[in-house]
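Participant: Structure incoming, see below.
The values are calculated or read from the model by the stated rules, or taken from the named source; none is laboratory data. Treat the numbers as computed from the prediction; the structure is a model and nothing was measured. In this analysis, Cβ positions are derived from the backbone assuming ideal geometry, glycine residues included, and neighbour counts consider all displayed protein chains.
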């Protein structure tokens, strides 16, 4: 089987080259990385999902990224197919080495979860009557009247 040429930067590895350097099979490498939480497990979507691709936190830490490759099939190789592979950066490969050295004892670092705050609202802290007063403002009425002049209908008439 012809080996694919990826032309990766120095220190970056795909699963094939990483498994060769670490002296284990590619299947075992991917299994350990999935169990450690480094890679996604997406059996439902198969090749079109995120199976064996790095989790978002791993990509955010710049330990790995996804590369999309294509190959031709069919008569005269006219049917192009796409597939995605995980590429480990130099920092990420160091973590992969730690995982392979001690798969049972490795602990993934805690990822800081972003705090989700709701966007500010014009009605926050106001009574319902005050909020309704804003909805019935003169500028809203003028806008609804202008839209009616243009022939645009609205569900609510101007008050």
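Participant: Taking residue 107, is it modelled with pLDDT of 70 or more, assigned to a strand (DSSP E or B) and within 24 Å of residue 12 (Cα to Cα)?
Facilitator: No; evaluated as a whole, the condition is false for this residue.
Participant: Which of the residues belonging to the range 2-44 are assigned to a loop (DSSP other than H, G, I, E, B), within 19 Å of the chain's Cα centre (by Cα) and surrounded by 11 or more Cβ atoms within 10 Å (Cβ to Cβ)?
Facilitator: 37, 38, 40, 41, 42
Participant: Report, by residue number, each residue of the range 66-92 that is more than 20 Å from the chain's Cα centre (by Cα) and at pLDDT 85 or above.
Facilitator: If the condition is that a residue be more than 20 Å from the chain's Cα centre (by Cα) and at pLDDT 85 or above, then 90 is the only one that fits.
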